[in-house]
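Presented below is the structure to which this report refers.
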Amino acid sequence: MFWWMDGGARRAGRIELGDDFVSLSATTPDPAEERVRFRDLAAVLLDRGLLHLDRGGMPSIHIGSLDTPGALRELADRLSDGLHAAAA
């Protein structure tokens, strides 16, 4: 999968879900990890093959997948469920 934050460089790597967060582990262009807590998500939107994570006042994250579009839909569903559970 690949992702970028508003105004940031495009990264590729692995995305994993925890109990209350999503972890973005980049392998390119340089190794880095970003964790986003479900409670920090304002909205999750899947549109035209991209998953958009709105984090309120923080830069949005945009996620795409070239080879597994079904995985992107599953990720969107799981993140939406996590967003709603964190809000409850």
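The values are calculated or read from the model by the stated rules, or taken from the named source; none is laboratory data. Computed from a predicted structure; not experimentally measured. For neighbour counting, all protein chains shown are included, and Cβ atoms are generated from backbone atoms with ideal geometry for every residue, glycine included.
Only residues that are among the basic types (Lys, Arg) and either modelled with pLDDT under 90 or in contact with a strand residue (DSSP E or B) (Cβ under 6 Å, 6 or more places away or on another chain) (or both): list them for segment 17-47, please.
Matches in segment 17-47: ARG35, ARG37.
Just need a number here: residues in segment 41-88 that are acidic (Asp, Glu), surrounded by fewer than 13 Cβ atoms within 10 Å (Cβ to Cβ) and in contact (Cβ under 8 Å) with a residue 12 or more places away in the chain.
Going through segment 41-88 one residue at a time, the tally reaches 0.
VAL22 fails exactly one of the following numbered conditions: (1) buried (at least 17 other Cβ atoms within 10 Å of the Cβ); (2) of a type outside the set (Ser, Thr, Tyr); (3) on the phi > 0 side of the Ramachandran plot. What is the number of that condition?
All conditions are met except number (3).
Give the number of residues within segment 6-16 that are among the aliphatic types (A, V, I, L, M), in contact with a strand residue (DSSP E or B) (Cβ under 7 Å, 6 or more places away or on another chain) and either in a loop (DSSP other than H, G, I, E, B) or without any contact (Cβ under 8 Å) to a residue 60 or more places away in the chain (or both).
Result for segment 6-16: 1.
Could you count how many residues in segment 41-51 are outside any strand (DSSP E or B) and in contact with a Leu (Cβ under 9 Å, 6 or more places away or on another chain)?
3
From the list ASP19, ASP67, ASP30, ASP54, pick out the single residue that is within 22 Å of ALA87 (Cβ to Cβ) and part of a loop (DSSP other than H, G, I, E, B).
ASP19
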